[in-house]
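Peer 1: Below: one structure in structure tokens.
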Amino acid sequence: MTLLEVRNLVHEFTVRGAGGLKGGVVHAVSDVSFELAAGETLGIVGETGSGKSTLARCVLQAPRPKSGSVRFQGTELVGLRGRRLKQARRQLQMVFQDPYASLNPRWRIDDLVEEPLVGYGVGNAGSRRRRVRELLDLVGLDPAVYGRRRPYELSGGQCQRVAIARAIALDPALVVCDEPVSSLDVLIQAQVLNLFEQLRTELGLSYLFISHDLALVKQVSDRVAVMHLGQLCEVGPAEALYRSPRHPYTVDLLASIPSLDPTRPPAGGRAVASGEPPSPLNPPSGCRFRTRCPRAQDQCAVERPLLREIEPGHQVACHFPEPVNAAPDGAAVDGTQPRPATVHYARP
Amino acid sequence: MSDTLLQVEDLRVRFDQRGRRVYAVNGLSYRLRAGQMLAIVGESGSGKTVSSRALMGLLPPSATVTGSARIDGVELVGMPEPEMRRHRGADIAMIFQDPTRSLNPTMRIGAQITEAIRAHARVEKDAARARAMELLSLVRISDPQRRFYEYPHQLSGGMRQRVMIAIALASDPKLLIADEATTALDVTTQAQIMDLLGELRSRLGTAIILISHDLGLAASYADDVIVMYAGRAVEYAPTRTLFAKMRMPYTRALLDAIPRLERQSHARLPITPGQPPDLTALPPGCAFEPRCARATPQCRTSRPPFAQHEVGHWWACWNPCKDGEPV
């Protein structure tokens with residue numbers, strides 16, 4: 001069953017350069033379409049400025065997208081306002097990167113977790129208090145110890161648990177997570193990631209999981225979408241996409257991850273995308289990756305490649321996708337393999 | 001050893017804040033040869049940044065630094081500020097996580113590099129300008145003639161970090177400290193900057209201390225790795241030795257907690273419970289004991305010494321992991 005269906009979503013920001021400097025239109029999200037099934041986790045991975053956060057926020061209608069359609073549980077969200085939008089969003093929650101910034105520092109943890117329940121008029125004071133204790137237990141915080149504290153008395157990981165308790169308080173169907181563990185140390189990050197997994201299986205949640213970290217996205221996702229400069233360039237099942245990436249950008253991203261095995265050559269080398277990512281103010285014509293792409297040809301400058309299915313469930317937006325990775329299982333996924341020798345490094 | 005560039009012995013840093021004593025670094029010792037890349041890895045609050053800022057004399061007045069840190073035989077701990085100013089930049093340079101905050105937004109790139117060159121040597125303006133161009137090419141900034149006249153906001157994050165590296169190299173330092181220098185960058189840019197640092201090290205013989213929370217960066221680029229926890233080194237070995245024969249349960253826990261491409265989706269990560277200790281009240285035993293799966297009663301009462309147990313491999317644990325054994 002399709003839980004979320006996003007079609008041709010576009011969002012642009014108009015920037016006016018300060019002091020008469022040149023302004024323009026930032027093409028943050030340009031014609032993005034994807035679907036998310038109930039109980040499924042879709043990871044969205046991309047670099048800074050790829051528009052992944054804007055995409056996530058546009059799904060929640062904050063900000064409202066410029067055009068396109070977002071159907072959630074069969075309801076079209078684009079164009080909804082006021083009470084009807086609030087009701088539709090009850091099942092659609094969000095967890096942000098910085099837990100301290102997303103919690104009011106003057107409130108107690110109990111009240112913070114109760115707020116969404118009060119906002120939607122759930123139960124009475126007594127039943128809400130019981131629910132708060134239940135939620136804190138669920139995210140692994142002892143209500144007797146932490147309930148009366150305030151955010152500054154908690155560590156970053158604990159605050160993120162509180163933010164998660166708030167997000168799941170109304171039994172949502174979908175939680176949008178925007179870099180939810182990026183500000184946490186690795187041991188705490190593992191704790192919170194396991195909490196996401198636990199809640200997914202216990203509550204049947206779906207996640208739209210945004211991160212710049214490819215390995216992290218693989219860890220949590222059923223399917224992965226790779227975003228580059230406002231567009232999706234590859235979407236596929238997590239295992240298949242990482243085993244045999246078909247878009248040159250995905251290959252570059254995977255090749256850039258430092259290997260945890262010192263006996264292998266370090267990441268990078270000549271195979272990695274050279275040069276700077278183009279500006280979203282003035283994206284290249286045709287394929288937006290072509291200026292950094294070793295496979296680019298004349299056609300790429302003229303015609304924008306659209307997402308097309310090249311294997312069941314695996315879509316890629318590229319005129320000249322990478323060949324299927326024939327390497328034996330396991331050899332390809334660490335990202336350190338060289339490109340196949342047949343690739344021509346002709347630059348336009 | 002005669003080719004030791006930097007020798008740190010029992011370095012300690014304490015902060016006195018409103019009656020509270022925070023023990024940030026508690027006896028750190030290591031050696032660095034010219035041209036070597038040493039990674040100092042640890043979580044927030046492990047003391048990795050504080051210990052390197054102590055070398056640069058860049059700590060606030062509330063900090064008390066003891067122990068010894070000698071670069072080419074010159075003692076840095078307790079050096080008076082005027083003298084420190086001559087060493088800072090000339091012998092040791094540092095690049096930071098956020099290049100935007102390190103650069104002056106109102107000055108052109110070229111002027112900032114030239115300023116750094118002329119701060120350390122009496123150089124004519126024209127010569128300094130030529131040297132700045134040279135540095136821009138060295139850090140592989142394309143079209144240096146044009147970039148020279150641009151402002152920081154006109155550059156991308158990766159380019160700004162390259163400019164920071166150019167400024168750091170302006171006076172030919174013997175040691176470059178890169179404090180989470182690639183953390184704010186995208187993964188493709190990070191690979192480019194790490195490649196650049198590796199190249200500079202072999203071309204110029206600059207020693208590099210790479211401060212990072214990322215064991216992957218250490219594994220890929222460093223010669224030696226120090227793992228810090230609660231202000232102490234807990235494991236120290238050549239990179240290949242460390243990753244082949246990890247002894248400290250803490251290092252092992254760090255490595256296991258990193259999401260990896262080899263793992264299946266939705267696989268549970270091995271969990272280390274709890275949080276890092278309070279640096280105002282460190283326990284008498286091993287600081288990792290409350291979170292350690294291998295802890296014994298001995299770990300609670302007495303601190304394991306940080307000693308060389310195998311050739312070149314130091315660790316501080318009463319109950320270290322055996323070869324290939326999980327935690």
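Please treat every number below as a calculation from the coordinates, not as lab data. Because the structure is a prediction, the values reported are computed rather than measured. Backbone-built Cβ (ideal geometry, glycine too); neighbour counts: all protein chains shown.
Peer 1: Please name all residue pairs, on different chains or six or more residues apart, with Cβ atoms under 8 Å, provided the first residue is in the stretch B:252-278 and is facing chain A (nearest Cβ under 7 Å) and the second residue is surrounded by fewer than 16 Cβ atoms within 10 Å (Cβ to Cβ) and of a type in the set (Ser, Thr, Tyr).
Peer 2: B:Gln275/A:Ser155
Peer 1: Report whether or not A:Ala169 is within 30 Å of B:Ala184 (Cβ to Cβ) and more than 14 Å from chain B (Cβ to nearest Cβ).
Peer 2: Answer is no for this residue.
Here's the yes/no breakdown for (1) within 11 Å of chain B (Cβ to nearest Cβ); (2) in a helix (DSSP H, G or I); (3) under 16 Å from B:Arg260 (Cβ atoms); (4) of a type in the set (Gly, Ala, Ser):
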| position | (1), (2), (3), (4) |
| --- | --- |
| A:Ser182 | yes, no, no, yes |
| A:Phe196 | yes, yes, no, no |
| A:Leu199 | no, yes, no, no |
| A:Leu216 | yes, yes, yes, no |
| A:Gln219 | yes, yes, yes, no |
| A:Gly236 | no, no, no, yes |
| A:Asp261 | yes, no, yes, no |
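Peer 1: Counting only residues that are of a type in the set (Asp, Glu) and crowded, with 23+ Cβ neighbours inside 10 Å, how many does the stretch B:2-48 have?
Peer 2: 0
Peer 1: Given the conditions (1) hydrophobic (A, V, I, L, M, F, W, C); (2) touching a residue at least 60 places away in the same chain (Cβ under 8 Å); (3) in contact with a helix residue (DSSP H, G or I) (Cβ under 8 Å, 6 or more places away or on another chain), and given that A:Ala163 satisfies all but one, which numbered condition is not satisfied?
Peer 2: Exception for A:Ala163: condition (3).
Peer 1: Ok, one more. Among the strands (runs of 3 or more DSSP E) lying completely within the stretch A:38-110, list those that include at least 1 residues that are in contact with a strand residue (DSSP E or B) (Cβ under 7 Å, 6 or more places away or on another chain), polar (S, T, N, Q) and exposed (fewer than 14 other Cβ atoms within 10 Å of the Cβ).
Peer 2: Of the strands (runs of 3 or more DSSP E) lying wholly inside the stretch A:38-110, those with at least 1 residues that are in contact with a strand residue (DSSP E or B) (Cβ under 7 Å, 6 or more places away or on another chain), polar (S, T, N, Q) and exposed (fewer than 14 other Cβ atoms within 10 Å of the Cβ) span A:67-72.
This table checks each residue for (1) surrounded by 22 or more Cβ atoms within 10 Å (Cβ to Cβ); (2) touching a residue at least 60 places away in the same chain (Cβ under 8 Å); (3) touching a helix residue (DSSP H, G or I) at 6+ places or on another chain (Cβ under 6 Å).
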residue	(1), (2), (3)
B:Ala119	no, no, no
B:Arg122	no, no, no
B:Ala130	no, no, no
B:Ser137	no, no, yes
B:Glu150	no, no, yes
B:Leu155	no, no, no
B:Asp179	no, yes, yes
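Peer 1: Here's a follow-up. Do we have any residue at all in the stretch B:249-259 that's assigned to a helix (DSSP H, G or I), of a type in the set (Val, Ile, Thr) and closer than 17 Å to A:Ser259 by Cα? Let's see the steps before the verdict.
Peer 2: Step one: list which residues in the stretch B:249-259 are assigned to a helix (DSSP H, G or I), which gives B:249-257.
Those left that are additionally of a type in the set (Val, Ile, Thr): B:251.
Imposing the further condition that a residue be closer than 17 Å to A:Ser259 by Cα reduces the set to B:251.
For the stretch B:249-259, residues assigned to a helix (DSSP H, G or I), of a type in the set (Val, Ile, Thr) and closer than 17 Å to A:Ser259 by Cα: present.
Peer 1: Let me ask something else. Condition check: assigned to a loop (DSSP other than H, G, I, E, B), away from every other protein chain (no Cβ under 12 Å), over 21 Å from A:Leu193 (Cβ atoms) and in contact (Cβ under 8 Å) with a residue 60 or more places away in the chain. Does B:Arg303 satisfy that?
Peer 2: It is false that B:Arg303 is assigned to a loop (DSSP other than H, G, I, E, B), away from every other protein chain (no Cβ under 12 Å), over 21 Å from A:Leu193 (Cβ atoms) and in contact (Cβ under 8 Å) with a residue 60 or more places away in the chain.
Peer 1: When residues of the stretch B:100-117 are filtered for being crowded, with 18+ Cβ neighbours inside 10 Å, closer than 14 Å to B:Tyr151 by Cα and not polar (S, T, N, Q), how many remain?
Peer 2: The qualifying residues number 4.
Peer 1: Check A:Ile210 against each of (1) out of contact with any strand residue (DSSP E or B) (no Cβ under 6 Å at 6 or more places or on another chain); (2) not in a helix (DSSP H, G or I) and name the one condition it does not meet.
Peer 2: (1)
Peer 1: Restricting attention to the stretch A:238-259, and to residues there that are polar (S, T, N, Q) and assigned to a loop (DSSP other than H, G, I, E, B), which single residue is farthest from the other protein chains (Cβ to nearest Cβ)?
Peer 2: A:Ser244
Peer 1: Just checking, how many residues over the stretch B:166-176 are surrounded by 24 or more Cβ atoms within 10 Å (Cβ to Cβ) and in contact with a strand residue (DSSP E or B) (Cβ under 6 Å, 6 or more places away or on another chain)?
Peer 2: Count: 1.
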